[in-house]
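Down below is the structure, laid out as structure tokens.
The values are calculated or read from the model by the stated rules, or taken from the named source; none is laboratory data. No experiment lies behind these values; they were computed from the predicted model shown. Here the Cβ positions follow ideal geometry from the backbone for every residue, glycine too, while neighbour counts run over all protein chains shown.
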Amino acid sequence: MNPARTDLTPTQWRQVGLITLVAAGIFLTFRWLPTGTNLSHMDFRVTAKNPIDFCDPLNPQFIPVVAVASPVTMTLVTDAPPAAGRDVHATLTLRTASGKPIAPEDLLVSNTKLLHLLIIDPSLEDYQHVHPEPAKTPGDWTFTFTPRRGGEYRVFADFTPAATARSLYANAELSVLGKGEAGPSVSFLTKSWTAEQAGFDFALTPAVLPVRAGQTADLKFSITNEKGGAVPMQLVMGAFAHLVAFDAARSGFAHIHPMELDVTQPPDAVHPVLNFKITIPRAGTYVIWAQVNLAGHETFVPFWFDVAP
């Protein structure tokens, strides 16, 4: 039996060459196509000793945003002195460490939005999640929110640069006039994994107690209609619920999403349950705010708890 011949005829060689040229042309064309952003990976490089540490999205970590170095600067300007109970119209400016503006084309959509703001007051009783809109000046973003208390609000920005495709964070302070608390409120001293609000009972149940620092905690989030009917859960930012954890010092946060990724399969209509994972690195007292959409109305529910060493 003769071995198979591997020699190609001149015609076959020409066909191979033509296919190679076409493939190379396609590759170079896509390589040269504009991505929409003028920023590169180097614009988001962190050279400090304490850079932001990225984590496994399926096992979110608590990000100490205030203490770590970010390659992005964030400033806030308001049209009038902010005061509790009044709308605050603010302009947020995002720039790279070298001063380049970060505009809409420089960001990727994450959780259905380009830019997320997590706003929290000193008592941790007033948490708001806001999505700024791009302004006329590149790098400027505008938003409005109504603070419920006075004090030094902390504003965390959560976004994903197109150049890196990895989440980044920044923070800024906003002084609000009015009555407020300098630190965590009385609720912070009353720990509870359950809450009642707007005719619904909410529960956040850890698989193991106590929750311990450095260990992954499995959490079940459930809602019950006090009247025994259905729970009208709808999507909010591409999921059926979001959880955000803060520590007492507001040094950072953890933004976690349900393990149930297929939103075409909603949770049980009467007894909805969603599963979450989180790892908190340090012991202390924390609050987790749950954000859900019930019949078109966004509801925020806090759970206060301790993390053991």
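Do the conditions hold for THR216, that is, is it over 23 Å from the mean Cα position of the chain (by Cα) and not assigned by TED's automatic domain parsing to the domain that holds ALA170? Answer is no for this residue. Looking at (1) in contact with a Leu (Cβ under 6 Å, 6 or more places away or on another chain); (2) free of Cβ contacts under 8 Å to residues at least 12 places away in the same chain, which is the one condition that is false for LEU219? Going through the list (1) in contact with a Leu (Cβ under 6 Å, 6 or more places away or on another chain); (2) free of Cβ contacts under 8 Å to residues at least 12 places away in the same chain, LEU219 breaks only (2).
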